[in-house]
């Protein structure tokens, strides 16, 4: 769904959509499982910078919910994660700040995104919000054994027959540290 400034100038647009899997490309970080539901409102806010300098910002306020699969951090098996979050975002035309002199920005200004060619795609906003909502590290189970560093076998499904090689001598100084910490 595309939000055009010219249409938003006339009236705010309410949206309520369910996007099919693949409608929002998430790259290799995650995969959408099932529909991605989103609802909210898009409107234009006018920022007055001077008597004849008015910037048309797009404000998107809404919510999304869906299920996603991400790879386990240890064994790379897919892990299903339900996500739901609210968003309240401001997008400014990219050209509005392109010629501004270099200056420090305030904390609220770090939350401003930019749009090109007088429109904003809802799919782009959802992609960003989903990726920001994903956990940094996901495990399929708390005691995941991961992959064998030698043969790549998933040690959760079956043990491998690789020999444990000698440890790196540079780590020997830390070998007894765990016992000293626990006592």
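A few comments on the model shown:
- From the options 23, 37, 85, residue that is in contact with a helix residue (DSSP H, G or I) (Cβ under 7 Å, 6 or more places away or on another chain) and in a strand (DSSP E or B): 85
- Scanning the range 132-183 for residues that are assigned to a loop (DSSP other than H, G, I, E, B) and touching a residue at least 24 places away in the same chain (Cβ under 8 Å) turns up 134, 135, 137, 138, 139, 140, 144, 145, 146, 155, 156.
- Filter pass, residue 7 being over 18 Å from residue 89 (Cα atoms) and surrounded by 14 or more Cβ atoms within 10 Å (Cβ to Cβ): yes
Yes or no, residue by residue, for (1) modelled with pLDDT of 85 or more; (2) surrounded by 14 or more Cβ atoms within 10 Å (Cβ to Cβ); (3) over 35 Å from the mean Cα position of the chain (by Cα):
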| position | (1), (2), (3) |
| --- | --- |
| 106 | no, no, no |
| 148 | yes, yes, no |
| 164 | no, no, yes |
| 168 | no, no, yes |
| 173 | no, no, yes |
| 177 | no, no, yes |
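The values are calculated or read from the model by the stated rules, or taken from the named source; none is laboratory data. Fair warning: this is a prediction, and the values are worked out from it, not measured in the lab. Neighbour counts run over all protein chains shown; Cβ positions are idealised from the backbone, glycine included.
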